[in-house]
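The structure appears below as structure tokens.
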Amino acid sequence: MATDSQSAWDKCLNIIKDNISLQSFKTWFEPIKPVSLEKNVLTIQVPSQFFYEWLEEHYVVLISKTIKRVVGDDARLEYKIVVDNNTSGNPFTVSMPTTKQGNNQNEEVEAPLVYGNSIKNPFIIPGLKKINIDSNLNPNYTFDSFVEGDCNRLARSAGFAIANNPGGTAFNPFVVYGGVGLGKTHLAQSIGNQIKVARPNKTVLYVSSEKFTNQFIESLKNGSVNDFIHFYQLVDVLIVDDIQFFAEKGKTQDIFFVIFNHLHQSGKQLILTSDKNPRDLEGIQERLLSRFKWGLAADLQAPSYETRLAILDQKMYADGIELPREVTEFVAYNIKTNVRELEGALISLLAQSSLNKAQIDIDLAKKIVKNFVKSISREVSIDFIQKTVCEYFNVPVDLLKDKTRKRAVVQARQLSMFLAKQFTNQSLKSIGKFFGGRDHSTVIHSCQAVQNLIETDDEFEEAVGQIRKKIEMSL
Ligand code: ADP
Ligand code: MG
């Protein structure tokens with residue numbers, strides 16, 4: 001039996017690691033710190049209330065079984081929640097099982113600013129509780145049409161939880177971040193649309209940060225800043241898209257701060273999107289950034305091949321179109337970075353075929369996709385990939401075809417296979433041929449090994465990035 005908290009927790013981690021995906025492990029278990037082990041009570045420290053709730057909801061069985069195995073049958077787990085929001089509030093402790101606590105901030109919230117003495121509010125009419133505000137939501141952006149994949153699982157499920165209980169979860173604010181065209185707007189609006197269906201009495205408002213800024217400037221000109229503030233303070237669910245545009249706009253940030261505080265204090269839901277993790281946003285006031293940390297920031301990643309295929313299928317289904325399987329596979333395979341481009345390729349394909357009355361086949365798909373992906377026209381050769389990788393790792397190219405199991409060679413071999421799969425259209429079988437006739441399952445295994453290493457080893461990830469750049473430059 002383990003006797004100190006660190007070794008007990010290490011043992012638990014070893015067991016847990018084998019039972020969940022690496023990504024979940026990194027997200028939910030690596031940030032945990034063991035605090036103490038006294039008698040049968042193991043105390044672990046988690047970074048937020050949300051974190052604690054998520055563990056309880058998703059991993060309670062696994063965790064309790066594991067600690068029983070490690071600490072003994074009468075083991076108990078206690079959580080200590082230490083929220084990092086730049087204040088010196090006291091951490092609080094929750095035992096398991098327990099009822100859920102309220103929001104997690106242990107920071108005092110400034111009262112909203114009041115501009116001027118009298119507040120004129122055109123929207124509050126006695127006897128009329130709710131006003132009718134157009135939500136500005138696109139009705140097509142729903143959870144049903146938002147395909148789930150590893151790339152968006154956390155963000156999607158947190159969004160779903162919010163839609164079912166706006167303002168009532170610990171994910172407030174909810175910040176969805178990620179690169180262009182990965183579905184931030186779609187997901188944020190899905191939450192709004194879902195709330196409108198389930199709770200028609202809630203006022204949902206979607207606004208881009210640019211529009212918000214322009215409205216504010218307009219209100220400054222008209223002397224109606226108070227009305228502007230009041231309007232926003234009336235909503236139950238406020239979705240602000242692309243908050244990175246608030247950068248360097250100090251006055252807009254001041255006003256947003258006021259509105260944010262008011263809504264948050266009144267238990268209203270805030271949903272924000274950003275092109276970066278909020279902690280990396282520049283030109284945004286610290287007090288706003290620290291508030292963004294109160295809830296949950298979840299990222300959207302580029303979708304995997306399988307998810308891209310599922311997205312194409314979903315779009316075709318929605319539009320009542322059918323395409324030959326090899327065409328969708330070709331498009332999904334070659335358009336990798338961005339869902340918007342994926343859709344764009346599909347639309348061009350349909351447009352071209354109806355304009356020219358051409359059949360949608362793989363040749364047409366190749367022509368269209370070429371416009372979206374520059375690299376497709378000049379495919380890089382596997383020989384070149386092998387040469388580039390071997391130069392980087394200083395390994396003789398011949399050894400890639402050899403049986404050598406030396407670590408450096410294995411790594412170079414696996415990485416070359418991985419890049420061959422990414423940069424060429426060769427089948428796994430023919431890729432294997434370039435490596436001394438290895439079979440396709442070896443190629444699959446190698447790609448998986450490289451993917452795992454990229455996720456766990458920063459130095460390796462950096463190396464892959466540099467090699468990839470070299471290959472891309474040759475195109
Ligand atoms: P962002 O706001 O991140 O730039 P959008 O939300 O505008 O991206 O998404 C771009 C396009 O891709 C939209 O048409 C959206 O419907 C679609 N899209 C993105 N992610 C998904 C997904 N997981 N499932 C279905 N469609 C998606
Ligand atoms: Mg967007």
Q) So what is the 222 nm mean residue ellipticity for the chain from helices alone, if each DSSP H run of at least 4 adds -39500 (n - 2.57) and you divide by all residues, rounding to the nearest 500 deg cm²/dmol? A) -15500 deg cm²/dmol
Q.
Given bins 10 angstrom wide, list per bin the percent of all Cα-Cα distances in the stretch 276-412, short to long.
A. 10, 26, 19, 24, 18, 4
Q | Pairs of lysines in the stretch 130-221 (C-alpha under 24 Å apart; 8 or more residues apart or interchain) | A | 9
Q) For the stretch 305-369, what's the relative contact order in percent, using C-alpha pairs closer than 8 Å and at least 6 residues apart? A) 36 percent
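Expressed as a whole percent, how much of the Cα-Cα distance distribution for the stretch 382-473 exceeds 18 Å? Write out the running numbers ahead of the final one.
Working: 1509 of 4186 pairs.
That fraction is 36 percent.
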**Q.** Mean-position separation - Cα centroids, the stretch 155-173 and the stretch 403-420, in angstrom
**A.** 44 Å
Q: Please state, to two decimals, what the Cα-based radius of gyration of the chain comes to when divided by 2.2 N^0.38 Å (N = residues).
A: 1.15
Q) What FRET efficiency comes out for the pair ASN138/GLU210, r = Cβ-Cβ distance, R0 = 22 Å, nearest 0.05? A) 0.85
Q. Relative to the longest principal axis of the chain, what angle (0 to 90°, nearest 10) does the C-alpha long axis of helix 209-222 take?
A. 30 degrees
Q: Using only Cα atoms, tell me the angle between helix 407-423 and the longest principal axis of the chain; keep it within 0 to 90° and round to the nearest 10.
A: 70 degrees
Q. Rounded to the nearest 5, what % of the DSSP beta bridges within the chain are antiparallel ones?
A. 30 percent
(Q) Contact order normalised by length for the chain, with contacts defined as Cα pairs under 8 Å and 6 or more residues apart; what percent is it? (A) 11 percent
Q: Using the structure shown, select from LYS251/LYS336; LYS65/LYS276; LYS26/LYS421; LYS315/LYS370; LYS315/LYS357 the pairs with a Cα to Cα distance greater than 30 angstrom.
A: LYS251/LYS336; LYS65/LYS276
**Q.** Rg and Dmax of the stretch 285-329, Cα atoms only, in Å
**A.** 18.4, 53
Q | Taking the C-alpha atoms of the stretch 305-369, convex hull volume expressed per residue in Å³ | A | 71 Å³
Q. Using a Förster distance of 56 Å, how high is the FRET efficiency between GLU38 and LYS401, based on the Cβ-Cβ distance and rounded to 0.05?
A. 0.45
Q: Could you work out the longest stretch of the chain that avoids the trypsin sites (Lys or Arg not before Pro) located in DSSP loops with at most 10 other Cβ atoms within 10 Å?
A: 130-356
Q. Under 15 Å Cα-Cα from LYS429, which aspartates and glutamates qualify once same-chain neighbours fewer than 8 residues away are excluded?
A. ASP439
Q. How high is the relative contact order of the stretch 153-300, given as a whole-number percent (alpha carbon pairs under 8 Å, six or more residues apart)?
A. 39 percent
Q: Round to the nearest 10 and give me the degree value, 0 to 90, for the angle of helix 325-334's Cα axis relative to the longest principal axis of the chain.
A: 80 degrees
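Since every read-out is calculated from the coordinates, none of them should be taken as a lab result. What you see is a predicted model, and the numbers here were worked out from it, not measured in a lab. Virtual Cβ from ideal backbone geometry, glycine too; neighbours counted across all protein chains shown.
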